[in-house]
Amino acid sequence: MATHRSCALWSYCGPRWSWVMRCCRLPGFRSSWPRGSLGARHLSQEKRETETHFGFETVSEEEKGGKVYHVFESVAKKYDVMNDMMSLGIHRIWKDLLLSKMHPFPGTQLLDVAGGTGDIAFRFLNYVQAQHKGKQKRQLRAQQNLSWEEIAKKYQSEDDPLGGSRVVVCDINKEMLKIGKQKARAQGHKAGLAWVLGDAEELPFDDDKFDVYTIAFGIRNVTHIDQALQEAHRVLKPGGRFLCLEFSQVNNPLISRLYDLYSFQVIPVLGEVIAGDWRSYQYLVESIRQFPSQEEFKEMIEDAGFEKVTYESLTSGIVAIHSGFKL
């Protein structure tokens, strides 16, 4: 799809974007609505196909989108604080490991989906800036005959401290993006950073645009995970990399029991005390249990067209990093 997709249209459509895209065949937009005769389907089969889960609750696909939107709209202001409280700060280590595995180089074009509050984007910018500075120092050390004035001029003439790297944060939720922008200003992040309101299932970007696609703790909230994976594959350049950090299946029985106890008995209480929202954090806990296992998710990534798909379980499988390439 070479035609650019309108972010303004998305803003108008809001959380009902996926429904609109299926019902309205707009010029330059692809439709994912299954072709074929509706009359040939049994009503019971049709009902199953339009139902999905919202945590442990069964809802319609259209209803799930609105419910998930409301969850993150509700928790946005306390999202980062709750991440620290729920994971005892370990989520920071997981995200650092994701960047270490990515190992971006100066010039990398990153798309971070469901990245509203900017945690991955800010880590990326800090990482590539450090890489660029290190490269610059190595080049200067190699030039032994430079005077102090010449060295100073080289530093002063540096126009782009990121070496051409850019990150686009794409999120479906306006409130999450709002918090991310506030954090960016507070941390002094300006260059190489853009914020886009958009749906993981219908990304408003051209084909073959990004070097790396990341999604951290977001893909389990997508109604059609397979469609989101196909979109990730579409917007990546040939040779581009997909990286997903997500809660997964604990592989130690004892830790699994303790984890379940903590998840269902403690996290919703923390949500009520800190964020004033028990129900949203009850959903987040339940959504983790509904997400596919490491192997199942690996197969889904492969089905979307990715190759050399691998995963690494962290903290006994509480989370996993999946990686795949568009070749």
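The values are calculated or read from the model by the stated rules, or taken from the named source; none is laboratory data. Here the structure is a predicted model, which is why all the values come from computation and not from measurement. Heads up, the Cβs are rebuilt from the backbone with ideal geometry, glycines too, and the neighbour counts pull from every protein chain shown. Just so you know, the surface numbers come from the protein's heavy atoms only, side chains and all, with ligands and any DNA or RNA stripped out. Shrake-Rupley method; radii C 1.70, N 1.55, O 1.52, S 1.80 Å.
Among the residues of region 234-249, count how many are open to solvent by 40 Å² or more (accessible area, probe 1.4 Å) and among the polar types (S, T, N, Q). Steps first, answer last, please.
First, pick out the residues of region 234-249 that are open to solvent by 40 Å² or more (accessible area, probe 1.4 Å): 237-239, 241, 247, 249.
Then keep just the ones that are among the polar types (S, T, N, Q); that gives 249.
Matching residues across region 234-249 total 1.
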Worksheet, complete the sentence: Of those in region 184-201 that are without any contact (Cβ under 8 Å) to a residue 60 or more places away in the chain and not in a loop (DSSP other than H, G, I, E, B), the residue surrounded by the most Cβ atoms within 10 Å (Cβ to Cβ) is TRP195
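Among the residues of region 243-261, how many are part of a helix (DSSP H, G or I) and over 26 Å from GLY115 (Cβ atoms)? Full working, then the answer.
Of all residues in region 243-261, those part of a helix (DSSP H, G or I) come to 253-261.
Narrowing the set further to residues that are over 26 Å from GLY115 (Cβ atoms) leaves 253-258, 260-261.
Total meeting the criteria: 8.
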Fill in: Count of residues meeting criterion [under 26 Å from VAL285 (Cα atoms) and aromatic (Phe, Trp, Tyr)] in region 191-234
2
Fill in: Residues that are in a helix (DSSP H, G or I) and free of Cβ contacts under 8 Å to residues at least 60 places away in the same chain, drawn from region 94-116
ASP96, LEU99, SER100
Practice prompt. Could you look through region 300-327, keep only residues that are at negative phi and assigned to a loop (DSSP other than H, G, I, E, B), and pick out the one that is surrounded by the fewest Cβ atoms within 10 Å (Cβ to Cβ)?
Written response: LEU327
Worksheet item: Taking the condition open to solvent by less than 30 Å² (accessible area, probe 1.4 Å), touching a Ser or Thr at 6+ places or on another chain (Cβ under 9 Å) and of a type in the set (Phe, Trp, Tyr), does PHE297 pass?
Response: yes
Response to the item:
Reported set for region 269-294 where residues are exposed (fewer than 15 other Cβ atoms within 10 Å of the Cβ) and outside any helix (DSSP H, G or I) is GLY276, SER293
Worksheet item: Got a number for residues in region 301-327 being farther than 25 Å from PRO253 by Cα, under 18 Å from the mean Cα position of the chain (by Cα) and in contact (Cβ under 8 Å) with a residue 24 or more places away in the chain?
Response: 7
Response to the item:
Quick count over region 202-229, residues being of a type in the set (Ser, Thr, Tyr) and open to solvent by 10 Å² or more (accessible area, probe 1.4 Å), is 1
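So that you can scan it fast, the table gives a plain yes or no per residue for (1) under 18 Å from VAL285 (Cβ atoms); (2) crowded, with 20+ Cβ neighbours inside 10 Å:
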| residue | (1), (2) |
| --- | --- |
| ILE90 | yes, no |
| SER100 | no, no |
| PHE105 | no, no |
| THR108 | no, yes |
| THR117 | no, yes |
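Say whether the condition of being among the basic types (Lys, Arg) and at pLDDT 65 or above is met by at least one residue in region 141-155.
As a first pass, look at region 141-155 and keep what is among the basic types (Lys, Arg): 141, 153-154.
From what is left, the residues that are at pLDDT 65 or above are 141.
Among the residues of region 141-155, at least one is among the basic types (Lys, Arg) and at pLDDT 65 or above, which makes the answer yes.
Assess whether GLN282 counts as being polar (S, T, N, Q), over 22 Å from ASP199 (Cα atoms) and in contact with a helix residue (DSSP H, G or I) (Cβ under 7 Å, 6 or more places away or on another chain). Give the steps one after another, and end with the answer.
Details: polar (S, T, N, Q): yes; over 22 Å from ASP199 (Cα atoms): yes; in contact with a helix residue (DSSP H, G or I) (Cβ under 7 Å, 6 or more places away or on another chain): yes.
When the stated conditions are applied, GLN282 passes them.
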Worksheet, complete the sentence: The condition of being over 13 Å from the mean Cα position of the chain (by Cα), modelled with pLDDT of 95 or more and of a type in the set (Lys, Arg) holds, among LYS190, LYS237, only for LYS237
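Which of the residues that make up region 312-322 are in contact with an Asp or Glu (Cβ under 8 Å, 6 or more places away or on another chain) and farther than 14 Å from ILE90 by Cα? First the steps, then the outcome.
To start, the set of residues in region 312-322 that are in contact with an Asp or Glu (Cβ under 8 Å, 6 or more places away or on another chain) comprises 319-322.
Scanning region 312-322 gives ILE321, HIS322.
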Practice prompt. Would you please name the residue that is most open to solvent (accessible area, probe 1.4 Å), looking only at residues in region 69-88 that are in contact (Cβ under 8 Å) with a residue 40 or more places away in the chain and closer than 20 Å to LEU258 by Cα?
Written response: MET85
Worksheet entry | Pair list, Cβ under 8 Å, 6 or more apart: region 159-183 residue closer than 18 Å to ALA216 by Cα and in contact (Cβ under 8 Å) with a residue 60 or more places away in the chain, other residue hydroxyl-bearing (Ser, Thr, Tyr) and open to solvent by 30 Å² or more (accessible area, probe 1.4 Å) | ILE172/TYR69; ASN173/TYR69; MET176/TYR79; ILE179/TYR79
